[in-house]
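J.: Quick one: the structure is below, and I'll ask about it shortly.
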Amino acid sequence: MVLTLGLWSKLGRLSHYAFDAVLLSAFLAGMKRSTGLTFKTDKVAGENKEVGKWVDKYLGVGEWVMDQSVAIAGSSGWFDRTR
């Protein structure tokens, strides 16, 4: 029983970190869309192309989350488009 509770605690912490990471990625995607400011992936990756691919995939998750959020909000009755 104690082992199970410890496992749930670790799983909860991992899901919290994952949610925070997606939230940060979506924030960066929103910044890109509203201001045009783009995160410089080459600063993080340097010469390592593999890290650059992972960072691009991570930022792509934020773009996808933004797309889905806008689609859901646009189809609900709780939001109005002002532009």
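The values are calculated or read from the model by the stated rules, or taken from the named source; none is laboratory data. As the structure is a prediction and not an experimental result, all values here were calculated from the model. Here the Cβ positions follow ideal geometry from the backbone for every residue, glycine too, while neighbour counts run over all protein chains shown.
J.: Search segment 33-68 for residues being touching a Gly at 6+ places or on another chain (Cβ under 9 Å) and either under 19 Å from residue 18 (Cβ atoms) or free of Cβ contacts under 8 Å to residues at least 12 places away in the same chain (or both), and hand back the single one that is surrounded by the fewest Cβ atoms within 10 Å (Cβ to Cβ). Steps first, please.
T.: To start, the set of residues in segment 33-68 that are touching a Gly at 6+ places or on another chain (Cβ under 9 Å) comprises 41-42, 44-46, 52, 62, 66.
Narrowing the set further to residues that are either under 19 Å from residue 18 (Cβ atoms) or free of Cβ contacts under 8 Å to residues at least 12 places away in the same chain (or both) leaves 42, 44-46, 52, 62, 66.
Values: 42: 11, 44: 13, 45: 16, 46: 9, 52: 15, 62: 22, 66: 18.
By that ranking, first place goes to 46.
J.: Exactly one of these conditions fails for residue 74: (1) out of contact with any Lys or Arg (no Cβ under 9 Å at 6 or more places or on another chain); (2) farther than 16 Å from residue 25 by Cβ; (3) modelled with pLDDT of 90 or more. Give me its number.
T.: Of (1) out of contact with any Lys or Arg (no Cβ under 9 Å at 6 or more places or on another chain); (2) farther than 16 Å from residue 25 by Cβ; (3) modelled with pLDDT of 90 or more, only one is false for residue 74: (1).
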